[in-house]
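Notes follow the structure.
Bear in mind these aren't lab numbers, they're just calculated from the coordinates by the rules spelled out. Given the structure is predicted, the values throughout are model-derived calculations rather than measurements. Please note: Cβ atoms are built from the backbone with ideal geometry, for glycine as well, and neighbour counts cover all protein chains shown.
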Amino acid sequence: MLTIVHFSDTHLGQDHHGDGGARARGRAERVMAYLDALPGAPDAVLVTGDLADHGLPTEYREVAEALVSRHPVLFCPGNHDIRGPYREVLLGEGPADGPVNRLHRLPGADVLMLDSSVPGRHDGLLDEETLGWLDRTLAEGAPDRPALVAFHHPPVVLHLPYVDPIRQFGEERLAEVLGRHPRVRALLCGHAHTAAATTFAGLPLLVAPGVVSTVALPCEGGAEITYDQPPMVAFHVLDDTGRLTTHYRVVTSG
């Protein structure tokens, strides 16, 4: 059985009413303290993008300090991240401009982290290089080995006016690739700053809560983005039959 903790959108460096980023970092550290205090050990912690608020090297140094855990921590970029500093500080690589795609082989499953960011834009797209990498990497794995595919931007409408105009577009290309690989069990994303569950290409699409803030539905009234709700995390449990179950938890301590 595989257990993955999933959250998104820490936006380290976000200045909230002149606090110099203290609130964003405090909330991220609160989540990590909660996870490190768990009596059991998840197999990995997955953070689906917008690690930094402005993509600055100083912010990625904060990411490296704040999002540290006794559990393996896996990242992918979001629209607020910038590939050059992200690569240099977090990955120890040269400042290349191409997409940041990574395969992580966990006990019992592969996790493929894709870069859906488009430099200079807030909406998302999986470019041809990324889709080709996804297709090849899924094909190289054993057909009976489960795979989870993660990225930042949801490829569907979530009925959130603040988020839907900047979702992932060109999604029919992703659906075509996924249709060739039945070992994919689910898609994991962020960007929406809300816990949500839907489907895409016949697969579960599970949206992680945002740590720094929450986006509200129109029927909830008030501001579209709220800062007073506590952070949340998702626990994705993949059992030996290949069935995925997700539990959401509010982080009230840590």
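A compact table of results
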quantity	calculated
R0 of 35 Å, Cβ-Cβ distance residue 68-residue 225: FRET efficiency to nearest 0.05	0.80
Simple spin-label estimate for residue 122 and residue 248 in nanometres, 7 Å along Cα-Cβ	2.2
√(5λ) per eigenvalue of the Cα gyration tensor, the stretch 192-231, largest first, Å	22, 12, 6
Principal-axis tilt of helix 22-36 within the chain, Cα atoms, nearest 10 degrees	50
Pair residue 159, residue 1: separation of 7 Å Cα→Cβ label points (nm)	3.2
Distance between the stretch 139-189 and the stretch 46-85 - C-alpha centres, whole angstrom	21
Volume per residue of the C-alpha convex hull in the stretch 1-104, rounded to whole Å³	92
Beta bridges by DSSP in the chain, antiparallel share as percent, to the nearest 5	50
Principal axis dimensions, the stretch 2-250 - Cα atoms, whole angstrom, descending	51, 43, 41
Estimated inter-spin distance, residue 88 and residue 102, nm [label 7 Å along Cα→Cβ]	1.8
Area projected by the alpha carbon convex hull of the stretch 43-98, averaged over all directions, nm²	3.7
Dipole magnitude of the stretch 2-250 about its Cα centre (Cβ charges: Lys, Arg +1; Asp, Glu -1), debye to nearest 20	580
